[in-house]
Amino acid sequence: MTAIIVIVVVVLLVLLYISIYNSLVRMRTNAQESWSQIDVQLQRRNDLIPNLVNTVKGYSKYEAKTLEQVTSLRQQIAELPANAHQEKMAVSDKLTGALNSLYAVAENYPDLKASSEFSKLMEELSNTENKIAYSRQLYNSTVAAFDAKIQTFPSNLVAGIHHFTKMDYLQVPDDAKKNPQVDFSDLNN
């Protein structure tokens with residue numbers, strides 16, 4: 001009778017171990033897949049940028065610096081290694097800023113704003129930026145769940161044996177945390 005109890009306990013422990021291991025693998029895979037979604041959206045944005053730059057070039061010969069910056073940042077993202085998550089996000093944030101400058105440039109050219117091709121590209125980029133933001137949130141949520149799992153008992157034992165390590169969150173750049181300075185003093189003049 002005692003042998004049967006021992007065998008049942010051992011079988012239950014083995015099943016628990018397998019279950020924990022499989023859930024850790026699933027969670028790590030989900031985190032990797034959520035990063036992949038960010039990468040897909042970054043690539044989608046990179047594919048749209050040359051069309052946007054060419055459209056703006058057709059209307060403006062004076063905004064070369066802004067166009068060069070957008071093109072340069074796009075190239076930097078393409079050249080970064082796949083596992084350089086923080087670096088990709090830092091360059092991506094700079095690219096978002098450069099694209100905002102490009103949007104502002106468009107305000108100076110009514111014909112460009114009226115262009116259906118430009119409007120379509122702007123809408124596509126805006127949608128892509130929203131998808132990037134959502135994908136970043138999903139990635140951080142997935143990483144949080146994975147990190148919590150590898151730190152809690154009993155899964156931390158299995159995680160330690162199989163060398164599961166914490167994953168890094170995507171961080172907000174320091175300049176994005178600063179409060180914008182609003183100055184309405186010129187409105188009174």
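Our coupling estimate for region 111-116, obtained by passing each phi through the Karplus curve with A = 6.51, B = -1.76, C = 1.60 and θ = phi - 60°, is 5, 5, 4, 7, 5, 5 Hz, Gly and Pro reported as x.
Once C-alpha pairs closer than 8 Å and six or more residues apart are averaged by separation and normalised to the residue number of the chain, the relative contact order reads 31 percent.
Pairs of alpha-carbon atoms within less than 8 angstrom and 6+ residues apart define the contacts here; what relative contact order does region 1-105 have, in percent?
23 percent
Within the set K88/K113; K88/K131; K131/K166; K57/K120, which residue pairs have Cα atoms separated by over 18 Å?
Working: K88/K113 30 Å; K88/K131 16 Å; K131/K166 25 Å; K57/K120 16 Å.
Pairs exceeding 18 Å: K88/K113; K131/K166.
Do the sum for the chain: with -39,500 (n - 2.57) for every DSSP H run of n ≥ 4, divided by all residues, what is the mean residue ellipticity at 222 nm, to the nearest 500 deg cm²/dmol? Result for the chain: -27500 deg cm²/dmol, rounded to the nearest 500. Phi-derived couplings, Karplus 6.51 cos²θ - 1.76 cosθ + 1.60 at θ = phi - 60°, listed residue by residue for region 150-163: 6, 9, 9, 7, x, 5, 5, 5, 5, 4, x, 4, 9, 6 Hz, with x used for Gly and Pro. When the chain is treated as a GNM with alpha-carbon contacts under 10 Å, the residue of T152, T128, T55 showing the greatest mean-square fluctuation is T152. The HN-Hα couplings worked out from phi for region 30-45 by the Karplus form 6.51 cos²θ - 1.76 cosθ + 1.60 (θ = phi - 60°) are 4, 5, 5, 5, 5, 5, 4, 5, 4, 4, 4, 5, 4, 5, 4, 5 Hz, whole numbers, x standing for Gly and Pro. Choose one of T96, L125, I5: the residue whose Cα lies farthest towards the positive end of the charge dipole of the chain (beta-carbon charges +1 Lys, Arg; -1 Asp, Glu; about the Cα centre). About the Cα centre, the residue reaching furthest to the positive side is I5.
Under a point-charge model restricted to the Cβ atoms of Lys and Arg (+1) and Asp and Glu (-1), what is the dipole moment magnitude of region 83-141 relative to its Cα centre, in debye to the nearest 20? The partial results should precede the final answer.
Numbers: 6 positive and 8 negative charges, 45 e Å.
The calculation lands at about 220 debye.
Residues considered: A31, A145, A104. Largest GNM mean-square fluctuation over the chain, using C-alpha springs under 10 Å, is found at A104.
Name the residue farthest towards the positive end of the dipole of region 31-134 from the options Q41, A31, Q69, assuming +1 on Cβ of Lys and Arg, -1 on Cβ of Asp and Glu, about the Cα centre. It is Q69. Near D147, once Lys and Arg are set to +1 and Asp and Glu to -1 for all other residues with Cβ below 14 Å from its Cβ, the sum equals +2.
Across all Cα pairs in the chain, the calculated P(r) in 10 Å bins from zero up to the longest distance comes to 8, 26, 24, 18, 11, 7, 4, 2, 1, 0 percent per bin.
Read the figures in this text as sums done on the coordinates, not as results from a lab. Note that this is a predicted model, so its numbers are computed, not measured. Using ideal geometry, Cβ is built from the backbone for each residue, glycine included, and neighbour counts are taken over all protein chains shown.
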